[in-house]
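The values are calculated or read from the model by the stated rules, or taken from the named source; none is laboratory data. Computed from a predicted model, the values in this text were never measured in an experiment. Methodologically, a virtual Cβ is constructed for each residue, glycine included, from the backbone with ideal geometry; neighbour enumeration extends over all protein chains shown. Ligands, DNA and RNA are stripped out before the accessible areas are found, and what is left, the full protein with its side chains, is counted by its heavy atoms. Shrake-Rupley method; radii C 1.70, N 1.55, O 1.52, S 1.80 Å.
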Amino acid sequence: DEPEAMLELDSVRVEYGAVKAVQSVSLDVREGEVVALLGPNGAGKTSLISAIMGVVPITSGTVRFLGRDVTLASPEEKVRMGIGISPEGRRIFANLTVAENLRLGASSQPDKAIRERNQHRYLEMFPILKERFHQKAGTLSGGEQQQLAISRCLMAGPKIVMLDEPSLGLAPVIVERIFDLIAELKAARLTILLVEQNANEALAVADRAYLMHSGRLRFEGEASRLRESEDLMSHYMGLA
Ligand code: ATP
């Protein structure tokens, strides 16, 4: 039997006035999966995950999480239910320390023991953050800030995380490090929706993939199949 979807979108549309950013997208993410959401600039990827999170309104369609209709739930409610997001451009608080950024990420978690356990766990996984614990986040390098953004969203103990372009603007060797960390999170059985323009790396770590272009899905299936399809990749991503 197919396991039930953890996150399930049915015919989701997002419009900004006359701009149809997302046009009837249906997708699902099952527990323990890494699902890549690929597509070029402007495809609608960020709009889609912002809509899942509830930070931009859904024009029509439904979002279900753990069997519940959460289409109209607020971002705060979604965080509490277990949806985490590491936004594009990182959005860390530059004037706060690493420790303070992490504490903010954990603020929705009421249980102190769980907060402490998560902090311990993620400082082990991201040792650079332990080293820089009392430094202002703005003094960190791009790759370190990305690690902070990811671990900040993990601090709330989410059941699924949506990572929006974690490799954007990073040097190749740092990109490798970020994808290694994603592989570690996958090995720890975290469920991940990974938005990327870096298709090859994303497909190497993903189980399944969706390819988005001009607000619509153009492919869904096994990541390995998309990786091997030079036609799709060159047509929609300008790759291969
Ligand atoms: P990127 O990788 O550049 O973020 P994307 O695939 O995430 O691309 P979106 O950012 O979701 O794409 O953009 C989809 C479309 O919606 C684009 O045409 C974009 O110009 C438009 N758009 C995005 N945000 C807004 C907004 N706040 N108001 C109006 N149009 C917007």
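Residue 176 is checked against (1) part of a helix (DSSP H, G or I); (2) surrounded by 18 or more Cβ atoms within 10 Å (Cβ to Cβ) and fails just one. What number does that condition carry?
With (1) part of a helix (DSSP H, G or I); (2) surrounded by 18 or more Cβ atoms within 10 Å (Cβ to Cβ) applied to residue 176, the lone miss is (2).
Residues checked against (1) in a helix (DSSP H, G or I); (2) within 16 Å of the ligand (Cβ to nearest atom); (3) open to solvent by 60 Å² or more (accessible area, probe 1.4 Å):
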position	(1), (2), (3)
84	no, no, no
91	no, yes, yes
104	yes, no, yes
192	no, no, no
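Among the residues in the stretch 181-189, are any in contact with a Ser or Thr (Cβ under 8 Å, 6 or more places away or on another chain), assigned to a helix (DSSP H, G or I) and not aliphatic (A, V, I, L, M)?
Within the stretch 181-189 (the criterion being in contact with a Ser or Thr (Cβ under 8 Å, 6 or more places away or on another chain), assigned to a helix (DSSP H, G or I) and not aliphatic (A, V, I, L, M)), the answer is no, since none of the residues qualifies.
Restricting attention to the stretch 194-222, and to residues there that are touching a Ser or Thr at 6+ places or on another chain (Cβ under 8 Å) and either over 16 Å from residue 44 (Cβ atoms) or hydroxyl-bearing (Ser, Thr, Tyr) (or both), which single residue is least open to solvent (accessible area, probe 1.4 Å)?
203
With respect to residue 130, is the statement that it is farther than 29 Å from residue 213 by Cα and open to solvent by 20 Å² or more (accessible area, probe 1.4 Å) true?
Spelling it out, residue 130 is indeed farther than 29 Å from residue 213 by Cα and open to solvent by 20 Å² or more (accessible area, probe 1.4 Å).
Please determine whether any residue of the stretch 81-93 is touching a helix residue (DSSP H, G or I) at 6+ places or on another chain (Cβ under 7 Å), closer than 17 Å to residue 159 by Cβ and of a type in the set (S, T, N, Q).
yes
Within the stretch 55-69, restricting attention to residues that are surrounded by fewer than 21 Cβ atoms within 10 Å (Cβ to Cβ) and within 18 Å of the chain's Cα centre (by Cα), which residue is nearest to the ligand (Cβ to nearest atom)?
Ranking the candidates gives 56 first.
Within the bounds of the stretch 26-41, is there any residue that is of a type outside the set (Lys, Arg) and more than 28 Å from residue 205 (Cβ to Cβ)?
no
Would you point out which residue out of 152, 225 is among the basic types (Lys, Arg) and open to solvent by 60 Å² or more (accessible area, probe 1.4 Å)? Spell out how you get there, then give the answer.
Details: 152 fails: open to solvent by 60 Å² or more (accessible area, probe 1.4 Å).
Of 152, 225, the one residue that is among the basic types (Lys, Arg) and open to solvent by 60 Å² or more (accessible area, probe 1.4 Å) is 225.
Criterion first (open to solvent by 60 Å² or more (accessible area, probe 1.4 Å) and basic (Lys, Arg)) does residue 115 satisfy it? Before the answer, list the steps.
Details: open to solvent by 60 Å² or more (accessible area, probe 1.4 Å): yes; basic (Lys, Arg): yes.
Spelling it out, residue 115 is indeed open to solvent by 60 Å² or more (accessible area, probe 1.4 Å) and basic (Lys, Arg).
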